[in-house]
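Engineer: Would you mind keeping the following structure in view while I ask a few things?
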Amino acid sequence: MKTSGGKADKTNGNGKKGKSKINFFLVFLICWLIVITGFIAWFLIRFNDFTAEYEAKYQDSLPYHTAEAVTQHFNDHDVDYILDNMTSKTSVTSFEDESVVREYITDLINGKSFVYVETDSSREDEPEYYIKTDDDYLVARFELTEDKSVSLPYGFKAWELESLEFYTAASFSVNISAPETYKVFVNGVELTSTNQVGEIVPSELNQYVDPYAVIPGTANYQVKGLYKKPSVTAKDYLGNDCECIYDLQTDSYTVKFIKDFDEYEELSEFAISFASTFANYISQDAANYALDKYFPSGSQALSYIKRNSSRELYTKHGSVSIHNEEIKDCIVYSDDVVYMEVYVEQWMQMYWGSDEPEVLPTDAHVYFVKINGRWLVGGIQY
């Protein structure tokens, strides 16, 4: 049978149209591929999320975060944090207290910024760092350890500060020389024999007072391990405050003997009287025994003066008078020994030349000793 188009319809044997067969394997394969592709896509998304989270958690667990936190306390100038976390507390001498360490740290970190750097001995399981200023000045070293009180995912470690060493340097020291009879104080604390360096140094000036008295020797002291320049004070043998002189060149203090005492006026008058009589004696304007009352009995110093042959050769002259008396210096060594530099001018009328008198100065360096309550000349330093 033909259709109007001129082509015949395909029919089966029963006169019905035929149908194409469905390929179930192909359908299954396509569905399987879709499922697999979707799973892979899901897995990759989940894996990517996992790796991103893992990397983030890993980075968060690295010890440098804790190192940054420690260093930030330095940049915040947090002295309390530094003091509280120092593993070994800084020791101070008996001449300072712990407040000087705080001041030392404060002065060192104020106005500075800090960074951390890993030390050469740092290990993965024991991270170790230096803290230094921007100009590479090391101020501290610290170590980290695992913080087992904190549980991190994936078995990562949390870190905490294990030890902190701040590089404190007690670099100040003080050297002091003082009379052995004086008391010396560093920051208000009295020095003792344990602070003394060497033995007492006898005074070379004893030759001028021997055998009547002894001039105190010199004690030398040294104190080390101070965090700041100390205050040095002293008291004389009477308990009065006295001067401590600092020498920048030698970086040392010297305590000088005092220059005033209760009997100053009395001894000054005696000293001027002696110097005037001494000048007149040398010029043969005083009697041969005029000086005897100023010296102890049997004085060797007086014997030397009397043996001075220049007195016999002194130029002949007219009248003499004493003027411009002055005590130029006074050093009080003890209640029984005092030094005075005594100046007098002897105005001498000469037989020749001008009518104006010749002015002859006498500058005597005299060591006076007190014997049985009375001041006498122990010796003269020429």
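Engineer: May I ask for the net charge around Leu83, where only other residues with Cβ less than 12 Å from the Cβ of Leu83 are counted and Lys, Arg are +1 while Asp, Glu are -1?
Structural biologist: Surrounding charge for Leu83 is -3.
Engineer: Share of the range 127-229's accessible area from carbon and sulfur, percent, 1.4 Å?
Structural biologist: After summing per-atom areas, the C and S share lands at 47 percent.
Engineer: Now a separate question. Please report the antiparallel percentage of the DSSP beta bridges confined to the chain, to the nearest 5.
Structural biologist: 95
Engineer: Where in the range 297-358 are there chymotrypsin sites (Phe, Trp or Tyr not before Pro) that are in a DSSP coil and have at most 15 other Cβ atoms within 10 angstrom of their Cβ?
Structural biologist: Tyr314, Tyr351, Trp352
Engineer: Right, next: In whole Hz, what ³J(HN,Hα) sequence does the range 103-120 give by Karplus (6.51, -1.76, 1.60; θ = phi - 60°), x for Gly and Pro?
Structural biologist: For the range 103-120, the Karplus curve yields 4, 4, 5, 4, 5, 6, 9, 4, x, 10, 10, 10, 9, 10, 9, 6, 7, 5 Hz.
Engineer: Label Ser121 and Thr194 with points 7 Å out from Cα along Cα→Cβ: what is the distance between them in nm?
Structural biologist: Roughly 3.2 nm, to one decimal.
Engineer: If you don't mind, there's one more thing I want to ask. Suppose we flag trypsin sites (Lys or Arg not before Pro) only when DSSP calls them loop and at most 13 other Cβ atoms lie within 10 Å. Which is the longest uninterrupted stretch of the chain?
Structural biologist: The longest such stretch corresponds to 149-306.
Engineer: Please report the relative contact order for the chain, taking Cα pairs under 8 Å with a sequence separation of at least 6, and give it as a percent rounded to a whole number.
Structural biologist: 10
Engineer: Just the number please: accessible area per residue for the chain, 1.4 Å probe, all protein chains included, in Å².
Structural biologist: Result: 63 Å² of accessible area for each residue.
Engineer: Let me ask something additional. With respect to the cross-link table entries Lys112/Lys228; Lys293/Lys370; Lys112/Lys157; Lys228/Lys259; Lys112/Lys224; Lys57/Lys148, which display a Cα-Cα separation exceeding 22 Å?
Structural biologist: Listed pairs above 22 Å: Lys112/Lys157; Lys228/Lys259; Lys112/Lys224.
Engineer: Over the range 39-132, calculate the relative contact order: mean separation of alpha carbon pairs under 8 Å at least 6 apart, over the residue count, as a percent.
Structural biologist: Reported as a whole number, the value is 25 percent.
Engineer: Where does the chain land at 222 nm, in deg cm²/dmol rounded to the nearest 500, when only DSSP H runs of n ≥ 4 count, each adding -39500 (n - 2.57), divided by all residues?
Structural biologist: Estimated from H runs of four or more residues: -8000 deg cm²/dmol.
Engineer: Would you mind checking which residues have amide H under 5 Å from Gly217's amide H? H placed 1.01 Å from N; only 5 or more apart, or other chain.
Structural biologist: Glu180, Ser203
Engineer: Give the calculated FRET efficiency between Glu325 and Gln222 to the nearest 0.05, with a Förster radius of 45 Å applied to their Cβ-Cβ distance.
Structural biologist: Given R0 = 45 Å and the Cβ-Cβ separation, E is 0.55.
Engineer: Take Asp335, project a point 7 Å from its Cα along the Cβ direction, then tell me which residues of the range 349-382 have their backbone nitrogen under 18 Å from it.
Structural biologist: 368-376
Engineer: Could I ask something else about it? I need the GluC sites (Glu not before Pro) found in the range 117-186, filtered to DSSP loop residues with at most 16 other beta carbons within 10 Å of theirs.
Structural biologist: Qualifying residues, ordered by number: Glu124, Glu180.
The values are calculated or read from the model by the stated rules, or taken from the named source; none is laboratory data. Keep in mind the model is a prediction, meaning the values are calculated, not measured. In this analysis, Cβ positions are derived from the backbone assuming ideal geometry, glycine residues included, and neighbour counts consider all displayed protein chains. Quick note on the areas: whole protein, heavy atoms, side chains included, nothing else; ligands and nucleic acids left out. Shrake-Rupley method; radii C 1.70, N 1.55, O 1.52, S 1.80 Å.
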